[in-house]
1. I need the full set of residues from segment 115-143 which are surrounded by 16 or more Cβ atoms within 10 Å (Cβ to Cβ), over 15 Å from Gly155 (Cβ atoms) and among the hydrophobic types (A, V, I, L, M, F, W, C), in order please.
2. From Leu13, Leu38, grab the single residue that is of a type outside the set (Phe, Trp, Tyr), surrounded by 14 or more Cβ atoms within 10 Å (Cβ to Cβ) and within 24 Å of Glu65 (Cβ to Cβ).
3. For segment 84-94, check the following and say yes or no: at least one residue is closer than 15 Å to His170 by Cα and either surrounded by 22 or more Cβ atoms within 10 Å (Cβ to Cβ) or free of Cβ contacts under 8 Å to residues at least 40 places away in the same chain (or both).
4. Give the residues of segment 50-69 that are buried (at least 19 other Cβ atoms within 10 Å of the Cβ), free of Cβ contacts under 8 Å to residues at least 60 places away in the same chain and assigned to a strand (DSSP E or B), sorted by residue number.
5. Being closer than 23 Å to Arg114 by Cα, out of contact with any His (no Cβ under 9 Å at 6 or more places or on another chain) and either among the basic types (Lys, Arg) or not in a helix (DSSP H, G or I) (or both) is the filter here; which residues of segment 19-40 pass it?
6. Considering each of Glu163, Glu133 in turn, give the residue that is more than 27 Å from Arg50 (Cβ to Cβ) and either modelled with pLDDT of 90 or more or of a type outside the set (Ser, Thr, Tyr) (or both).
7. Which number in (1) in a helix (DSSP H, G or I); (2) among the charged types (D, E, K, R); (3) more than 14 Å from the chain's Cα centre (by Cα) marks the one condition that Arg91 misses?
Amino acid sequence: MLTSLDESERDGLATALGALDYPVAGVATGHLLIESYLRRAPDRAWALFRGDEPVGAFAVVPYLELPGTQQTSTYLVPSVRGTGLNTAVKRATIVAARAHAVPLYSSIHHANARSLAATRGLFVSIDPVKVFEHSTGRLAWRFDLGDPWAQLAAGPAHPILEETVAGAFHAPSQQAA
């Protein structure tokens, strides 16, 4: 389940996320990650739940390395990694972004093999580019999720997720980190 990152959910989610095993957006804890999401794109940041349990955070935020573009950012607690949750959310976001001509990227820490495999698995084939990101000071793999030649692999559609994300594309986002 995807729900807004409202105040009543933030502490529980941040505690569940704890210390991040791969820094996201230049931060190392769940609390700082949520603050970063809310500062950069308050209407494009969500909590992910499995039942009543907070299990992750997801946002579509400005991609600081390429002005005028957006990037997906997902962080899941270890117990739900590999369950398809990230795939469902990211697939819905890609479909919505393509339908609304939103330039969308994914930027993954160069050593995060699980996330690299998950993103590659969304496509029949896709060629990421290895880049040094000045805004975060890290080496990363950059995926152009809107590339028309990057065909999505077969997989289930999630119309409600697609509508939720598409609606958020009309909300303003901030460029500052």
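The values are calculated or read from the model by the stated rules, or taken from the named source; none is laboratory data. Bear in mind the structure is a predicted one, so any value in this text is a computation, not a measurement. Heads up, the Cβs are rebuilt from the backbone with ideal geometry, glycines too, and the neighbour counts pull from every protein chain shown.
1. Within segment 115-143, Leu116, Ala140, Trp141, Phe143 qualify.
2. Answer to the selection: Leu38.
3. Yes, the conditions are met somewhere in segment 84-94.
4. Listed by number, the residues that qualify are Pro54, Val55, Gly56, Ala57, Phe58, Ala59.
5. Ala19, Leu20, Asp21, Ala25, Gly26, Val27, Ala28, Thr29
6. Just one listed residue meets the conditions, Glu133.
7. Result: Arg91 fails condition (3) only.
Listed here are the residues, each with its yes/no results for (1) among the small types (Gly, Ala, Ser); (2) in contact with a helix residue (DSSP H, G or I) (Cβ under 7 Å, 6 or more places away or on another chain).
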residue: Ser4; (1), (2): yes, no
residue: Val27; (1), (2): no, yes
residue: Leu33; (1), (2): no, yes
residue: Arg44; (1), (2): no, yes
residue: Arg50; (1), (2): no, yes
residue: Glu53; (1), (2): no, no
residue: Val60; (1), (2): no, yes
residue: Tyr63; (1), (2): no, no
residue: Tyr75; (1), (2): no, yes
